[in-house]
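Just below is one structure, and these are the notes that go with it.
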Amino acid sequence: MKIVVPLKQVPDLVEDLEVDATGKALDAEEVKLKLNEFDDQALEEALLLKESGAADEVVAMAFDGEDVDKMLFTAIAKGANKAIKLNGSSPTDIHQLAKAFANAVATEGFDLVMAGVQSADGRDGHLGPIMAEYLSVPCISVVAGVSVSGGQATVQKEYSGGMLGEFEVDLPAVLGIQAAAQAPRYAPVSKVRQIQQTETIQEMDAGDLGAGAGSAISSMAAPEKGLGAKMLDDVEALMAVLKDKGVA
Amino acid sequence: MANILVVTEHLKGEFQDITFEMLGKAKEIAQSTGGSCSAMVFGSMSGQTDQMGAADTVITAEVGDDYNPEAYAAAVKSVVSANSPDLIMIGSTSMGIDIANPVSTALDIPTVSFCADIVAAGGGFTCTSQMYGGKMNVVSSVDGALISMVLAGSFNADTGRVSGSPAVEASAVEAGAGKVRFKQLIEPEAADVDITQSDILVAVGRGIGSKDDIEVAEELAEALEADIACSRPIVDAGWMSKSHQVGKSGMKVKPKVYIALGISGAPEHIEGMKATSTIIAINTDKNAPIFDVAHYGMTEDLFDVVEELLEELD
Ligand SMILES: Cc1cc2nc3c(=O)[nH]c(=O)nc-3n(C[C@H](O)[C@H](O)[C@H](O)COP(=O)(O)OP(=O)(O)OC[C@H]3O[C@@H](n4cnc5c(N)ncnc54)[C@H](O)[C@@H]3O)c2cc1C
């Protein structure tokens, strides 16, 4: 059983985000990229399936870009069997990225694609279910629990209020992963360095990216301040609020 | 003239709030543009169309009561193909993610996710999305048909909660391929505390840094006679049990006072706590979106603040 995990970098949201001169995009110079946290969860869940013996092979995949080699070597250091980097004209939205990944996994072959459930910059939808549509395979998203046996997966999908729906799905399939059974593992820098020396990243052409999202951004701005919180200068002021609300 | 299709959502025989939020907004847009609003309902929810008074028409789909990603998406595809609505409203929810994306991709209709507002503009629509964890408002303009994925809590559900007797049409839906089978609903594990009933909540987020440091927040909770809650990453890290999680996939809480320690305020978290009467947020990032919904805020290290508070409260 072979699992492909598409990986993607997103802006680190703990950093300040600035809009560029066009007023329609983030200022790329200022953005610090990091692995989408839900992709990290997907990779972890895939590696757990491999370690349990349910999967034989985990392939990490990403579209070429800044620091992508490091991200892919890190995935190998964590336990992925191999890494594939896609080249070609850059996808401009989630639909195009999903098309690139769909082309590549169709070439590579897969039983399961495990994608992060969403990314904070996904304006035109969600990678997993869009890939599934291009591949004509079933998809379940918001998954927090996967087991595999006999050509099918049993998955738990999260609803609100802590409710779960359990489903069986025939493979091949795509899953949008919300959370792995345990916190994503960490690969020590020394191990990533060593992998960089010994392993190679396979390259693949991304192929035709399709028409894309079909809508465009007309403006981007930080939410207006002012309606928001009354800022308190010190703990004394905070104590006064707590007393006023009858809490302290 | 905007003809709008609202894809309703139900769980255990009840329409979810997001359904009424979308219906209220759809009705408003339909009226302002001289268009119409239809609501698509699934399975035996067709017996509750009297709750769909905000819609002009209800379209029923015989796909079973238990949600099935494949069957429901196939049904929505059929109805959208047959009716060609201008605007399709689907929740930015667990079910919505399964439905909106394949419909968008298969029928070449643009999707805009994380929508907090939708305005009809010159034959098309303008949507405002809360992106980057709520740090940016992104406006998309679409000329033709559009799928908008609506963030829960964006519109007033009461506006859409209207009784009536809209016309009912049965749709001829295609069955899915049968590759996805619903097995069972699993109820949440019994909780040690029911945070939906708490008067005061001290909630910790990833800013707490480590499992051991949660103790600091617990001390504060004890001093304030509050219960302890958390954001999702704290549960995913295994630091607290799921019953303490506030948000989209956790609990909806409405305490008198909610103290958020090191929580950024992503839309999925806000969804679970924005009805609180007093929200106090402590976060080192002055641009954290939590300050947009909080009533009081402090841009300080949470550990400094909690330590000082504990001294004061002692
Ligand atoms: C389908 C779906 C469902 C989801 N459901 C939920 C849900 O139910 N509940 C939920 O919470 N999330 C949910 N999420 C996740 C959500 O998108 C965010 O990832 C999450 O809310 C972020 O949690 P956080 O604020 O604790 O962490 P972060 O976003 O990492 O924020 C940590 C914050 O702490 C601040 N900080 C750091 N150090 C300190 C310090 N020493 N003192 C003060 N402040 C500090 C930082 O400035 C930052 O703002 C869901 C996501 C998806 C896709």
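Across the stretch A:13-57, the number of residues qualifying as closer than 17 Å to A:Ala80 by Cα and either open to solvent by 70 Å² or more (accessible area, probe 1.4 Å) or in a strand (DSSP E or B) (or both) comes to 5. When restricted to residues that are in a helix (DSSP H, G or I), open to solvent by 50 Å² or more (accessible area, probe 1.4 Å) and within 14 Å of another protein chain (Cβ to nearest Cβ), the stretch B:203-218 contains 1. Residues in the stretch B:286-314 that are near the ligand (Cβ under 10 Å from one of its atoms) and open to solvent by 50 Å² or more (accessible area, probe 1.4 Å): B:Lys286, B:Asn287, B:Thr299, B:Glu300, B:Asp301, B:Phe303, B:Asp304. Residues in the stretch B:47-79 that are over 23 Å from the mean Cα position of the chain (by Cα) and either outside the structural domain of B:Gly123 (by TED's automatic domain parsing) or assigned to a helix (DSSP H, G or I) (or both): B:Gly47, B:Asp50, B:Ser78, B:Val79.
Quick check on A:Ala60: is it open to solvent by less than 10 Å² (accessible area, probe 1.4 Å), in a strand (DSSP E or B) and closer than 27 Å to A:Ala183 by Cβ? For A:Ala60, the condition - open to solvent by less than 10 Å² (accessible area, probe 1.4 Å), in a strand (DSSP E or B) and closer than 27 Å to A:Ala183 by Cβ - is met. The sole residue among B:Cys115, B:Cys127 that is more than 9 Å from every other protein chain (Cβ to nearest Cβ) and either part of a helix (DSSP H, G or I) or open to solvent by less than 10 Å² (accessible area, probe 1.4 Å) (or both) is B:Cys115. Inspection of the stretch A:153-161 identifies no residue that is closer than 30 Å to A:Lys24 by Cβ, touching a residue at least 12 places away in the same chain (Cβ under 8 Å) and open to solvent by less than 10 Å² (accessible area, probe 1.4 Å). A Cβ distance below 6 Å, combined with a sequence gap of six or more or placement on separate chains, defines the contacts here; from the stretch B:233-247, residues that are in a helix (DSSP H, G or I) reach residues that are near the ligand (Cβ under 6 Å from one of its atoms) and open to solvent by 20 Å² or more (accessible area, probe 1.4 Å) in the pairs B:Pro233/B:Arg206.
For every residue, the table says whether it meets (1) within 14 Å of another protein chain (Cβ to nearest Cβ); (2) under 28 Å from B:Ala75 (Cβ atoms); (3) outside any helix (DSSP H, G or I).
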site	(1), (2), (3)
B:Asn137	yes, no, yes
B:Ile147	yes, yes, yes
B:Phe155	no, yes, yes
B:Ser163	no, yes, yes
B:Glu169	no, yes, yes
B:Glu174	no, yes, yes
B:Gly178	yes, yes, yes
B:Ile228	no, no, yes
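Within the stretch B:274-285, restricting attention to residues that are more than 8 Å from chain A (Cβ to nearest Cβ) and near the ligand (Cβ under 9 Å from one of its atoms), which residue is least open to solvent (accessible area, probe 1.4 Å)? Among those residues, the one meeting the criterion is B:Ile282. Of all the numbered requirements in (1) within 10 Å of chain A (Cβ to nearest Cβ); (2) under 22 Å from B:Asp212 (Cα atoms); (3) buried (at least 21 other Cβ atoms within 10 Å of the Cβ), B:Gly238 misses one, and that requirement is (3).
Of everything listed in (1) assigned to a loop (DSSP other than H, G, I, E, B); (2) in contact with a Leu (Cβ under 7 Å, 6 or more places away or on another chain), the single unmet condition for A:Pro6 is (1).
The values are calculated or read from the model by the stated rules, or taken from the named source; none is laboratory data. Keep in mind it's a predicted model, so treat the numbers as computed, not measured. Positions of Cβ are generated from backbone atoms using ideal geometry, with glycine treated the same way; all protein chains shown enter the neighbour counts. Heavy atoms of the whole protein, side chains included, go into the accessibility calculation; ligands, DNA and RNA do not. Shrake-Rupley method; radii C 1.70, N 1.55, O 1.52, S 1.80 Å.
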